[in-house]
Amino acid sequence: MDRLIEGLNRFRGDVYPQKSEHFSTLAREGQSPKTLMISCSDSRVVPELITQSEPGDLFVIRNAGNIVPPWQRLNGGVTSTIEYAVVALGVTDIVICGHSECGAMKAFSAPPGTLDAMPSVQAWISHAEAANAAVAACCEGMDEAEQLDALIEENVVVQLGNLRGHPAVAARLARGELRLHGWVFDIESGGIRALDGADNRFKKADDSSPLPVADLGRQPRRTREPA
């Protein structure tokens, strides 16, 4: 806690004065972020640091496993925040960002009974069970580390699928007003792998080509074709 207090003091004394005008503008005019980022709560993954964003740039959801539960009418924090970001703030992009060595994904290969003392955690990560099933079916020949990497990627794919089922997201995608992105952040190298929706593969980001996009949205058909 002492380090946090020291950091708070440095922020107030050194950082804030350099950005005071920006904070004053945000206070007067409110926020208008264009991107919602859904990432893991892991302390090694800091969305604002990874993207070098300023205050007001990102609207952020963080939870264990960067999970998006399937939409349902029962209220939930993730669902409500997605709806607010899409409808009230009008974000144009949503990023689901997984990361290497994800503890939530490692739980699927943990010894039986590991999560018995954490029933809420066990229930929460069950939203990634489809990803685990896909990896178990297709990646049997991989070693443990390769299977974990595959699970981390597949979990991003599954959560993007859940995200598409949220009504506000589905409507904006149908109008071509929203783009979805799937990323995996590598903690050790600082690199990003991004899902390319054209071939459903994760590709390393580099400076020589645009970052792949998972879903560009679409324009709905306005007339029916003859039978």
Enumeration of residues in segment 109-131 that are outside any loop (DSSP other than H, G, I, E, B) and out of contact with any Leu (no Cβ under 9 Å at 6 or more places or on another chain): PRO119, SER120, ALA123, TRP124, SER126, HIS127, GLU129, ALA130
Could you grab the pairs with beta carbons closer than 6 Å, sequence gap of 6+ or different chains, first residue in segment 3-29 and part of a helix (DSSP H, G or I), second one surrounded by 11 or more Cβ atoms within 10 Å (Cβ to Cβ) and at pLDDT 95 or above? LEU26/GLY56
All positions within segment 54-104 that are modelled with pLDDT under 95 and of a type in the set (A, V, I, L, M): LEU74
When residues of segment 20-60 are filtered for being of a type in the set (A, V, I, L, M) and buried (at least 16 other Cβ atoms within 10 Å of the Cβ), how many remain? 7
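If a residue counts only when it is over 19 Å from TRP71 (Cβ atoms) and of a type in the set (Gly, Ala, Ser), which strands (runs of 3 or more DSSP E) contained entirely in segment 169-208 have at least 1 such residues? Walk me through how you get there before you give the answer.
Values: elements: 179-185, 192-196, 201-204.
Qualifying strands (runs of 3 or more DSSP E): 192-196.
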With the checklist (1) assigned to a loop (DSSP other than H, G, I, E, B); (2) closer than 23 Å to ASP215 by Cβ in hand, flag the one item MET105 doesn't pass. (1)
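Conditions tested, residue by residue: (1) among the small types (Gly, Ala, Ser); (2) surrounded by 18 or more Cβ atoms within 10 Å (Cβ to Cβ); (3) out of contact with any helix residue (DSSP H, G or I) (no Cβ under 7 Å at 6 or more places or on another chain); (4) at negative phi.
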| position | (1), (2), (3), (4) |
| --- | --- |
| ASN75 | no, no, yes, yes |
| SER80 | yes, no, yes, yes |
| VAL87 | no, no, no, yes |
| ASP93 | no, no, yes, yes |
| ILE96 | no, yes, no, yes |
| ALA107 | yes, yes, no, yes |
| GLY113 | yes, no, yes, no |
| ALA117 | yes, no, yes, yes |
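The values are calculated or read from the model by the stated rules, or taken from the named source; none is laboratory data. None of these values were measured; they are calculated from a predicted model. For neighbour counting, all protein chains shown are included, and Cβ atoms are generated from backbone atoms with ideal geometry for every residue, glycine included.
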